[in-house]
Each structure stands twice: as C-alpha cells, then as structure tokens.
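Remarks on the structure that follows.
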Amino acid sequence: MTDTTHDPHQQKGPSKARVVAAAAIGNLVEWYDFALYAYSATVIAAVFFPSSDRTTALLSTLAVFGVSFVLRPVGGLVLGRLGDKVGRRRILSLSIVGMGICTVLMGLIPSYAAIGMAAPVLLVLTRLGQGFFSGGEYTGASTFLVEHAPDNRRGLWAGISVASGTLPFAVAGFIVLAFTAMPADSYESWGWRIPFLIAGPLSLVGLYLRFRVEETPNFKALQEQEATVSSPLKTVLGEHRRAVLMVIAVAGLNSVAMYTLTSYMPTYLKENVGISDGLATVSNASVVVMVCVLVPILGFISDNIGRKKVLGVGVVLLAGLAAPSFYVLSSGAPGSPILGQVLYALPFACIAAVLSTIMCEMFPTAVRYSGASTGYNLAYAVFGGTAPFVSQMLVDQTGSLVAPGFYVTILALLVIPVTVLLPETYKRRLADNAETIIEKTDYDTTTTPRKEAMK
C-alpha cells in the first residue's frame, strides 16, 4: 500500500475547507485593518492631528499609513525564519493575534484634543506593531495554503486566499459607510472606533480555525527528515538572490497597484475629484468585490496555462490602462468612478491572482517562508506603504489628477522585462524543490508531466 501520509492530494473535502478558511481568516484580519485605516483617513486626520491645516493633516495620516510598512520586512525576516524552523501553523497563530491586538488598540487611542502629540505617537506605535505582525502573515498564509494544495490547483487555492485579503476592503468600506450615517459629531468622537474594535473577535476566530488544522505535509516531511535549515535567511540571501529580486519587482508593482486602488482611491475621489463620501466608498467597494470574484478564476486559469501568461497580461495592461483610468476618474462624468476603477482593477487582478503562488513556487520547502517573506515585505515597505502618500503628493505638486496613473505606468513598464525572465513554475511539484534550480532561466518540467500532476 502506498504511504500517503504527506500527500496533499489525499486530503478530504472538509479538511480542504478548513485549510482554506484557516489561511483566509488571517488575510482578512490583516487587510481589514489596512482597509479601515484607508476608508477612515479623513476622520483619522481630524482626530489625531491638529486641524489648522487640513492638507498637512491628511498627508500626515497617509504618511502614518506608510509607517506600518517600515517593520514589515523585520516582521517578515523574524517570523519567516521561525516559520521555516518551528512550523507554519504556530507562527500564523502568533501573527493573527498580534495583528488583532494592534488594530483594537488603534481604536482605543485618545484624540489629539485629549492628549496632544501623544495621540499621533501612539498611532504610529500601533501601526508599527501591526506592520511587524502582518510581515509574516500574507507570505505565511500563502506558504501554508500552497503546501496543502494539490499540485494542479495551487493557483486556485492561492486565488481564494488572495480574494480573502481583498474582500476586507469591501467589507470595511460598507461598515464605515454604515457608521458615517451617524451624526457627524458622534462618528468623529466615537463611532469610527467601533469597526477597529471588531478586529478583536475576528482574530480570535482566526486563532481557533488555525488550531484546528494540521501543519503542512511538506514541512512535516522536512522535520521527519531533519532537513530544516539552521539559518534560512542566510540560505535565501546566499543561494536565492535572483529569486528574491524577482519577487521584489513583481510584488512591488502589485503593492502599488493594490494600495492605489484599495487605500488611496476613496481619498482621491473625495478630496481631489469632489465625489461624496457615500459614492466614493460604494464605487470602490463594488470594484473590490469584482476583484475578489476574478482572482480565484484567474488563479485557476494559471493552473492550466501558466503563471507567466496571466502575470504578463496584467503587467502589460496595467502599463497601458493606469493613466487612462485616472483620466476617466477625474473627468467627473456620470459613471466615471466605476468605469475608471474597473479599467484599473482588471489588470491588477491578473497580477494579484498569481503573485502568491509564484513567490512560493520559487523557493524550496526549507526556506520557502523566509524567501517569500523577504522579497514580498521589502517590496511592500518600499513601494506599497508609500503608494497613497506618493500619489497624493504627485497630485499636489503637479496639479494633475492623472499623475498617480503615470507613476503606476512607469513602474509597470520597468517590470515587463522581469516578467519575461521569470521562470515558469506552475508544473512543478513543491516536493521537487528540495534542491532548487531557481538560478536557471526556466524549470525543467519534463520530469513532472502535467498529466501526472492532474492525477
């Protein structure tokens, strides 16, 4: 009888559902915080900063948004290393609790009127804590899910996980919209805090779900073989530098595209185009829901035609459509908030659908968590966290409402060559990556025929 102890293909339906739910809930908590902050940027500016200069207060709020990304690489390095040494599940349980605590604390900070400069200082500290713990969340959840998934469905499973990280932007948007229906004074004094406090119960649900799933078959096999690496980061930087640089390039573009759409777009529409809070929130949340539907579909497509093709379409389309989408958004024409965001969101969905799968497939099991975390979090620290601030600064400095679109276009053009050089990974069995061949220009897929992976 064949030993299927570590065969991810042998999981039964309920186990698969628990695995996907356990990975998805952490992404939901992580991005729920970022989404809340983005949708609440105007009220946060009023609550935590001096009200004498609205523009400075708003820029300060967007800058604090970026502060959380400073510790993402640190969190990614620390938690990624631990994830490769003691297991994915334990570290994912730690990260979801840490993120939940930081988000709740953010909702409890007194206002600038009550405690002065201590208010923005405490805001920065909670954002730093959130950044540290989220540094190990997305890549850890992606690693956990991809290692559990059947070889021929990694893209689909990862797509569901990505959708769970995108959906909170819609959920948070509608929650914030519901609370903004309160009298303005009540919302600014206490109403805006309630959505942040909801993160507490969410993180506890996530912790419960993660305790109910087993460690990944790949990592358990690694432990039984006593093949864990003593210094995962040293191995990553010594043997997989090219893979890390490629992840940084693709993840950097994805982060700018994502945070421009989900975190900056509502502020852009309200502050620069003059659209009402309700219309800006509803239009953005509706487009985000569209992305959530598309991403698993595109992930499934990548399981059948390859990651590079889906990624390439997204990068090229983003280069061509980013600036026109902002032109449509700034026109003020009927339907422009939806149409402009759809033009922007379609190519972004292609990139987001395959990023997590690509970065996990590019590293062997022993350093997968560390490798993915290093590249992903460095990219998000440099590009993602600064995206809203840079976009608004470009608008203020140039006077052009299309300037953020040109910024994204330039980045997309720079990533096109990387997309061409990226190795195709969709036919690889993760177990085959024990000895990585990432330094080659492509993988030799002849040893793992697609028909075998489909069995």
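Values quoted throughout were computed directly from the atomic coordinates according to the rules given, and no laboratory measurement underlies them. Predicted model only: the values in this text are computed from it and were never measured. For neighbour counting, all protein chains shown are included, and Cβ atoms are generated from backbone atoms with ideal geometry for every residue, glycine included.
So how do Glu239, Glu214, Glu224 line up by other beta-carbon neighbours within 10 Å, fewest first?
Glu224, Glu214, Glu239
My understanding is that a pair violates if its Cα-Cα distance is over 25 Å; which of Lys220/Lys427; Lys85/Lys427; Lys270/Lys309 do that in this structure?
Lys85/Lys427; Lys270/Lys309
Multiply the residue separation of Glu188 and Thr228 by 0.36 nm, subtract the distance between their alpha-carbon atoms, and state the gained length in nm to one decimal.
Full extension from Glu188 to Thr228 adds 9.3 nm.
Could you list Thr409, Thr398, Thr139 so that the one with the fewest beta carbons within 10 Å of its beta carbon is first and the one with the most is last?
Ordered from fewest to most neighbouring Cβ atoms within 10 Å, Thr409, Thr398, Thr139 come out as Thr398, Thr409, Thr139.
In what sequence do Tyr112, Tyr138, Tyr426 fall when counting other Cβ within 10 Å, fewest first?
The most exposed by this proxy come first: Tyr112, Tyr426, Tyr138.
Run the numbers for Ser111 and Ile410: contour at 0.36 nm per residue of separation, minus the present Cα-Cα distance, in nm.
103.7 nm
Between Tyr327 and Leu197, what's the calculated FRET efficiency when r is the beta-carbon distance and R0 is 51 Å? Round to 0.05.
Efficiency, from the Cβ-Cβ distance: 0.80.
Simple spin-label model, 7 Å along Cα-to-Cβ: Ser276 to Arg242 in nm?
5.6
In degrees, nearest 10, range 0 to 90: what is the angle between the Cα axis of helix 307-331 and the longest Cα principal axis of the chain?
Helix 307-331 sits roughly 10 degrees off the main axis of the chain.
Could you work out the local net charge near Leu105, counting Lys and Arg as +1, Asp and Glu as -1, over the other residues with Cβ closer than 14 Å to its Cβ?
Result for the neighbourhood of Leu105: +1.
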